[in-house]
1. Being in a loop (DSSP other than H, G, I, E, B) and on the phi < 0 side of the Ramachandran plot is true for just one of LEU185, LEU221, LEU204. Which residue is that?
2. Out of GLY216, GLY168, report the one residue that is over 21 Å from LEU69 (Cα atoms) and open to solvent by less than 20 Å² (accessible area, probe 1.4 Å).
3. What is the one condition in (1) within 20 Å of the chain's Cα centre (by Cα); (2) open to solvent by 30 Å² or more (accessible area, probe 1.4 Å) that LEU288 does not satisfy?
4. On the basis of being within 28 Å of TYR102 (Cα to Cα), surrounded by fewer than 22 Cβ atoms within 10 Å (Cβ to Cβ) and of a type outside the set (S, T, N, Q), does ARG197 make the cut?
5. If you go through the range 74-91, how many residues are under 25 Å from ARG43 (Cβ atoms) and among the small types (Gly, Ala, Ser)?
6. Scan the range 134-155 for residues that are surrounded by fewer than 23 Cβ atoms within 10 Å (Cβ to Cβ), in a loop (DSSP other than H, G, I, E, B) and not charged (D, E, K, R) and jot them down.
7. Here are some conditions: (1) farther than 28 Å from SER262 by Cβ; (2) surrounded by 19 or more Cβ atoms within 10 Å (Cβ to Cβ); (3) in contact with a strand residue (DSSP E or B) (Cβ under 7 Å, 6 or more places away or on another chain); (4) in contact (Cβ under 8 Å) with a residue 60 or more places away in the chain. ALA234 meets all but one. Which one does it not meet?
8. For the range 188-201, name all the residues that are assigned to a loop (DSSP other than H, G, I, E, B) and touching a residue at least 40 places away in the same chain (Cβ under 8 Å).
Amino acid sequence: MTAVTAVTDVTAQTGVAEKTAATDEATVIPMATATTPFDIAERRIWSGKAEAYADTYARLCAHPAAALLDAAEVGPGSRVLDVGCGSGTVSAEAVARGASAYAVDAEPGMVAATRRTVPGVGAHIARLPELPYADDTFDAVVGNFVLNHVGRPRAALTELRRITRPGGRVAVTVWQSPGAPGQTLIARAARAAGLSRPDWLPALAPEDDFPRTREGLAALLDAAGLLGAECSEAAWEHRCDPDIWWAGAERGIGAIGQVLNSRGAKGLATARRAYDELCAEFGSADGLLELPHLALLACGRAWRGGKPEIHCWRIV
């Protein structure tokens, strides 16, 4: 982790931590350490990967940003927290709507990237499931694919509910599983090359996992105490240069990046040959890949009593 400055001040009105030192370094907020082997592995995977992410997969993950903010009812004057802010796409969209945006990410480089994307945004280093905000601080809290990267998803959602005012909205996205063919392209190339998940890379503990389906995600929001959980499916084709799509995993982004690099240069070269052959399935006339993707978008309201009611449908 880069040199950081401890946060020493919290505004009385909102409970939102403020940067207090004249430095361009990302401010770190005191928090609990990673709580599961999965969390520890995620910190290792994403350390120093902010630039690689911005160059490759950030545009893919930006696709649901507007729908995510719509689901959270973010508009002029809303106080919204962007959890797992990445390169700052969601925060930028929120500010463009006239909202007051705050942002957190576990990776210092992502926080720095968000500050560059959205000058003046209150962006800090913080990790789920313990965020440094008072109860009922925000009108809306959003997490764009952040649940994919936490070891205790239910606890993470419970924390998002805690910091959202009663009646405010929490909205999240995750990748659907099984996914669309475009989501599995590099994994297929890795399998063809005989590559597998490294021993040091743990999967989510069974007791913490949940089905990556509309019903499974809605049930998770319900279990976390969110009222009226709604879940919809987002499907789109991501158009991308084949070399850029490959480069993200080659540079070690995500679990697939660890698989791809698990046997060094030789394994990487073998997988690339398989990848080049498989790309023919997704090629277009202009040379770009057209990669089908499926994500889930779920939302619910913060509350202080009663039993949530679940609604779940598919948007076509």
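1. LEU204
2. GLY216
3. Condition not satisfied by LEU288: (1).
4. Spelling it out, it is not the case that ARG197 is within 28 Å of TYR102 (Cα to Cα), surrounded by fewer than 22 Cβ atoms within 10 Å (Cβ to Cβ) and of a type outside the set (S, T, N, Q).
5. 5
6. Scanning the range 134-155 gives ALA134, THR137, PHE145, GLY151.
7. So ALA234 meets the others, but not (2).
8. ALA193, GLY194, LEU195, SER196, ARG197, PRO198, TRP200, LEU201
The values are calculated or read from the model by the stated rules, or taken from the named source; none is laboratory data. Source: prediction; values computed, not measured. Methodologically, a virtual Cβ is constructed for each residue, glycine included, from the backbone with ideal geometry; neighbour enumeration extends over all protein chains shown. For accessibility, only protein heavy atoms count, side chains too; no ligands or nucleic acids. Shrake-Rupley method; radii C 1.70, N 1.55, O 1.52, S 1.80 Å.
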